[in-house]
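Please treat every number below as a calculation from the coordinates, not as lab data. As the structure is a prediction and not an experimental result, all values here were calculated from the model. Positions of Cβ are generated from backbone atoms using ideal geometry, with glycine treated the same way; all protein chains shown enter the neighbour counts.
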Amino acid sequence: MHTAAACPAPGSVKSTSMAAPAGNYPNVTFKNSSYARLTVYQAGDTGSYSLIGVVGPGEAMNSGGTPTVGEKYLVVDPDGRCLGGALEKDPGNDLTYALFGDATLATPGLSTASLTQLAACPTVGAITEPVPAGQAANVAVENKTGAPIDIVRIMPNGSQFTLMSLADQKSFNTGGAFGPAVRLLAKTASGQCVGGIITAINQRATTVTLAASLGTTTPPVATDTVADVLNETVTAKLACPAAGTVASKRGSGSHAVSFINKTSGPLSVIWLHYDGSRTTPHALPAGYAVTMGGFGGMDQAYLVIDQSGNCFGGVLKPKAARQTQYTLQ
């Protein structure tokens with residue numbers, strides 16, 4: 001499959017499952033021969049979509065042989081386009097779809113981009129985040145404009161949500177928290193957007209530098225307190241606090257924090273509840289990142305625990321009202 005086009009309208013593709021010919025258990029395999037991660041969905045009989053899985057470059061996955069036919073599938077690229085339209089099983093045979101995409105998926109994507117131009121921001125509702133969506137690569141935005149920039153996410157319904165105000169010489173990382181075709185805007189105080197629309201390039205970890213000259217650049221503020229640094233490498237492994245001795249505090253405002261695992265093993269990220277109890281751990285494999293946050297207040301506490309039960313940096317507390325990024329190694 002080389003053709004990538006707009007996905008069918010939601011609800012327009014429906015599976016019509018029926019019994020396969022006697023003795024047949026047809027299987028469909030999706031082989032990703034592009035350089036981008038592809039997301040596979042199965043259409044339900046009402047037109048809803050169910051996520052089947054994400055296929056990395058050079059990987060393959062199959063639906064599993066079942067005694068039914070008529071199931072239809074969508075394979076979505078990082079730009080929200082569908083490869084080959086609605087794909088279907090062969091009633092009598094196993095079938096493999098080799099997925100190449102177009103030229104933008106057939107060559108390795110760029111991992112960095114420098115944006116120097118100012119453009120008019122899209123009006124609310126004019127641009128949407130493509131649906132269906134799936135697992136995404138990280139998008140990091142570095143502000144080198146000399147002035148604060150508002151980082152805005154374009155939502156799937158076309159609304160625009162301000163994630164944070166990004167100070168000059170600071171960076172923001174989505175941590176793969178949004179869909180494969182996440183759309184961001186970098187809005188200036190005058191209402192213009194640096195570089196237009198920002199998104200991941202070919203589903204790869206993408207770093208975008210905002211380089212338009214908007215003011216006098218000032219160096220980042222240094223501090224010896226781990227929790228007060230927006231971009232901090234944490235290597236110290238300390239004893240974790242006893243249960244109930246440290247807690248997040250309720251309040252107003254929002255926070256966002258990214259954890260990047262550059263160790264050789266998996267880590268667990270835990271938010272400490274307002275009563276001091278540990279919430280369900282978030283698995284963070286080696287080489288991956290996660291962004292967490294919310295609106296329950298700015299004074300929040302997190303634990304990052306290794307396989308030996310040690311906590312990186314003890315307790316990590318993001319800087320209030322700012323994006324904090326911890327690199328764990």
Amide H neighbours of Asn231 under 5 Å, counting only residues 5+ apart in sequence or on other chains, H built in-plane at 1.01 Å?
Gln325
Excluding residues fewer than 8 places away in the same chain, name every one of the lysines whose C-alpha is closer than 29 Å to that of Lys89.
Lys14, Lys31, Lys72
Is there a pair in Lys144/Lys187; Lys144/Lys262; Lys237/Lys317; Lys187/Lys317 whose C-alpha atoms are over 19 Å apart, and which pairs would that be?
Lys144/Lys262; Lys187/Lys317
Order by protection proxy (mean Cβ within 10 Å, highest first), peptides 146-152, 241-247
146-152, 241-247
How large is ³J(HN,Hα) for each residue in the stretch 269-279, as worked out from phi by the Karplus curve 6.51 cos²θ - 1.76 cosθ + 1.60 (θ = phi - 60°), to whole Hz, x for Gly and Pro?
9, 10, 8, 8, 5, 5, 9, x, 6, 8, 7
